[in-house]
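Below you'll find the structure, written out as structure tokens, and then a few comments.
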Amino acid sequence: MDIQTLTVWIRARYAHLQARRDAGATSTEIAVITGALLVGAGLLVVAMRSKLDEKIGIIKGG
């Protein structure tokens with residue numbers, strides 16, 4: 001997973017969430033967008049952890 005791509009996607013979803021909230025979206029619409037943000041954040045954490053594990057493995061000589 002590409003960390004930069006995930007970060008850009010999360011920022012775009014957050015901007016969309018803000019715009020929808022300002023436009024008076026229903027709570028269901030806000031919940032769906034928020035759920036997508038949480039999934040994206042989880043994927044970002046997994047990608048960062050994988051990258052760190054890879055770097056630590058290289059440092060330890062594994």
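Values computed for the structure shown
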| quantity | calculated |
| --- | --- |
| Unmet requirement for GLU54, which otherwise passes all of (1) surrounded by 13 or more Cβ atoms within 10 Å (Cβ to Cβ); (2) not hydroxyl-bearing (Ser, Thr, Tyr); (3) not in a loop (DSSP other than H, G, I, E, B) | (1) |
| Pairs, first among the small types (Gly, Ala, Ser) in the range 35-50, second not in a helix (DSSP H, G or I), C-beta under 8 Å, six or more apart | ALA47/MET1; ALA47/ASP2; SER50/MET1 |
| The one condition in (1) surrounded by 11 or more Cβ atoms within 10 Å (Cβ to Cβ); (2) modelled with pLDDT of 90 or more that ALA15 fails to fulfil | (1) |
| Hey, ILE30 at pLDDT below 90, in a helix (DSSP H, G or I), of a type outside the set (Gly, Ala, Ser) and open to solvent by 80 Å² or more (accessible area, probe 1.4 Å) or not | no |
| Which numbered condition ILE59 misses (of (1) part of a helix (DSSP H, G or I); (2) surrounded by 10 or more Cβ atoms within 10 Å (Cβ to Cβ)) | (2) |
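The values are calculated or read from the model by the stated rules, or taken from the named source; none is laboratory data. Being a predicted model, the structure only gives us computed values, none of them experimental. Ideal geometry is used to build each Cβ from the backbone, glycine not excepted, and the neighbour counts take in all protein chains shown. Quick note on the areas: whole protein, heavy atoms, side chains included, nothing else; ligands and nucleic acids left out. Shrake-Rupley method; radii C 1.70, N 1.55, O 1.52, S 1.80 Å.
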